[in-house]
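Structure first, then comments.
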Amino acid sequence: KNLAIFASGSGSNAERIAEYFLDSEDVNIKLILCNNPQAGVIQRAERLNIPLVLFDRAQFKSDYVVNTLKENGIDWVILAGFLWLIPQNLVEAFPNKIINIHPALLPKFGGKGMYGHFVHEAVVANKETESGITIHYVNEHYDEGGIIFQASYPVLPTDTHEDVAKKGQVLEHKHFPEVIDKLIHS
Ligand code: GRF
């Protein structure tokens, strides 16, 4: 099974997934794709020796990205901190094979604009007593695909949005690779 990982930022989830499948017999992280030439994931891909494909909005909207995935025999598309809405042509090319992780308990704190620190600031501002992560299928709307997995953690009144983000990343790094593993072998 060939996996492609899309990332727009640091890429810590991409790295965790790559490490998890490093010795796998049947799972290969074939490509990392990125829309941000400044993203930290670029250095991680180099270090991990995983081919990196950088693309811009025009290429993303065209069939360039879909064709790249098809040419590489990609079976599953993993979004790990990827910030653009997935276009219809990509959703249609990989039905029920595109998975995303969101740093909140969807449907709460989801949708356009709710990413990264904005999510955690909203959780703190809302005085939530818990938050968490959601792993879900991707369709052409932000954060609305079927939910695959959720895990939660307590939010304390003293927590800053950084504290909340840290608790989420611990759960992401623990669960995302395992959830992907179970899904692609189910
Ligand atoms: C994670 O918090 C993830 O939930 C969200 O974006 C962040 C990506 O972090 N979608 P990283 O780039 O994997 O370190």
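Every read-out reported here was derived from the displayed coordinates using simple, explicitly stated rules and does not represent laboratory data. The structure displayed is predicted, hence computed values, not measured ones. Cβ placement follows ideal geometry from the backbone for every residue including glycine, while neighbour counts extend to all protein chains displayed.
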Order these by the 10 Å Cβ neighbour count, fewest first: Trp84, Trp76.
Trp84, Trp76
From fewest to most C-beta neighbours within 10 Å, the residues His185, His141, His102, His136 line up as His185, His141, His136, His102
Can you tell me the Rg and Dmax of region 87-145, counting just the alpha carbons, in angstroms?
12.7, 40
Just rank His120, His175, fewest to most, by other beta-carbon atoms within 10 angstrom.
His175, His120
Quick one: which residues, 5+ away or cross-chain, put their amide H under 5 Å from the amide H of Gly40? H built at 1.01 Å from N.
Ser10
Give me the three principal axis extents of region 99-186 from the C-alpha atoms, as integers in angstrom, largest value leading.
41, 26, 16
Loop-exposed trypsin sites (Lys or Arg not before Pro) per DSSP, neighbour cap 11 Cβ within 10 angstrom, longest uninterrupted part of the chain:
1-111
Taking just the alpha-carbon atoms of region 1-82, what radius of gyration and Dmax come out, in angstrom?
11.8, 36
With unit charges on the beta carbons (Lys and Arg positive, Asp and Glu negative) and the dipole taken about the Cα centre of the chain, which residue among Pro51, Ala104, Pro37 sits farthest to the positive side?
Pro37
Starting from the exponent 0.38 and prefactor 2.2 Å, build the expected Rg for the chain from its residue count and divide its actual Cα Rg by it.
0.99
Highest-MSF residue in the chain out of Ala18, Ala165, Ala93 [GNM, Cα springs under 10 Å]
Ala93
Taking amide hydrogens as modeled 1.01 Å from N in the peptide plane, which residues meet the under 5 Å criterion relative to Ile148, leaving out close sequence neighbours?
Ile135, His136, Tyr137
In a Gaussian network model over the chain where Cα atoms closer than 10 Å are linked, find which of Val91, Val65, Val170 has the largest mean-square fluctuation.
Val170
